[in-house]
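The next block holds one structure in the form of structure tokens; read it before the comments.
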């Protein structure tokens, strides 16, 4: 059974300029429902690790964990640090079914990706949303990563495959686990349903926290023959205490 809502019915009309900002209710005066003032106040990701997008104090660096052991994915791309108000927007999208917020964030991420592709970032052959556990999918009624993947696919002109990557076992929620526990929790939690020989694929998720999920998925995709694996997400969680 496909629990996903029909995404075309959830898309606002981007051709209208008289939209109202979804954050402050003032006239947006842009092609998407976000005013310039609110857009400037978002916690945009600044200098970050070239591999995992972890916020860093200087540009052009790779973080210590990625230097010690390179992740299975080539590059993670995020627009924002996971902080206010983006953390609230993502929560409202995921848990309160406020899909226009997800659509807005996906559009902004798509703009960012198209800009990077124009500057030389390889365009992937396929987008693969991170699958939810069946129990959590039944409780929530939809997978936010799948919705993000569909919207990004339309912008990037890339196919989003919702069935190729599957979750093979139920796992406890990751939110309260540390990095080591997250890695243990995700062992043998994912599988693919067909080969990916020579393909460049991008994993789609909402937030990259420790990178444990992205690493577990990327390893499975590499084993299936993927030539390159990237990660596209809305926000990256900084290290505790990072300002």
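Looking only at segment 178-209, which residues are surrounded by 20 or more Cβ atoms within 10 Å (Cβ to Cβ), modelled with pLDDT of 90 or more and not in a strand (DSSP E or B)?
196
If I filter segment 214-243 down to residues being without any contact (Cβ under 8 Å) to a residue 40 or more places away in the chain and closer than 23 Å to residue 121 by Cβ, which single residue comes out as surrounded by the most Cβ atoms within 10 Å (Cβ to Cβ)?
Taking segment 214-243 as the starting set, the residues that turn out to be without any contact (Cβ under 8 Å) to a residue 40 or more places away in the chain are 216, 223-227, 240-241, 243.
Applying the additional criterion that residues be closer than 23 Å to residue 121 by Cβ yields 224-227.
Working: 224: 18, 225: 13, 226: 24, 227: 15.
Filtering first and then ranking leaves 226.
Quick one: in segment 95-119, which of the residues that are in contact with a strand residue (DSSP E or B) (Cβ under 7 Å, 6 or more places away or on another chain) and surrounded by 19 or more Cβ atoms within 10 Å (Cβ to Cβ) is nearest to residue 23 (Cα to Cα)?
Checking each candidate, the answer is 105.
Given the residues 113, 137, which is the only one that is touching a helix residue (DSSP H, G or I) at 6+ places or on another chain (Cβ under 8 Å) and touching a residue at least 24 places away in the same chain (Cβ under 8 Å)?
Numbers: 137 fails: touching a helix residue (DSSP H, G or I) at 6+ places or on another chain (Cβ under 8 Å).
Going through 113, 137 in turn, the sole match is 113.
Within segment 210-231, which residues are part of a strand (DSSP E or B) and in contact with a helix residue (DSSP H, G or I) (Cβ under 6 Å, 6 or more places away or on another chain)? Don't jump to the end; show me each part of the working.
So the first thing to find is which residues in segment 210-231 are part of a strand (DSSP E or B), and the list is 228-231.
Matches in segment 210-231: 229, 231.
Based on what the data block shows, is residue 70 free of Cβ contacts under 8 Å to residues at least 24 places away in the same chain, surrounded by fewer than 18 Cβ atoms within 10 Å (Cβ to Cβ), in a helix (DSSP H, G or I) and out of contact with any helix residue (DSSP H, G or I) (no Cβ under 9 Å at 6 or more places or on another chain)? Talk me through it step by step, then tell me what you get.
On the way: free of Cβ contacts under 8 Å to residues at least 24 places away in the same chain: yes; surrounded by fewer than 18 Cβ atoms within 10 Å (Cβ to Cβ): yes; in a helix (DSSP H, G or I): no; out of contact with any helix residue (DSSP H, G or I) (no Cβ under 9 Å at 6 or more places or on another chain): yes.
No.
Among the listed residues 122, 129, which satisfies the condition of being surrounded by fewer than 17 Cβ atoms within 10 Å (Cβ to Cβ), at pLDDT 95 or above, more than 25 Å from residue 31 (Cα to Cα) and in contact with a strand residue (DSSP E or B) (Cβ under 9 Å, 6 or more places away or on another chain)?
Checking each option against the conditions leaves just 122.
Restricting the first residue to segment 29-44 and requiring it to be free of Cβ contacts under 8 Å to residues at least 40 places away in the same chain and at positive phi, which pairs with a second residue that is part of a loop (DSSP other than H, G, I, E, B) and surrounded by fewer than 13 Cβ atoms within 10 Å (Cβ to Cβ) meet a Cβ separation below 7 Å and a spacing of at least six or different chains?
Short answer, once both residue conditions are applied: 29/17.
The values are calculated or read from the model by the stated rules, or taken from the named source; none is laboratory data. Since the model is a prediction, treat every value here as computed from it, not as a measurement. For neighbour counting, all protein chains shown are included, and Cβ atoms are generated from backbone atoms with ideal geometry for every residue, glycine included.
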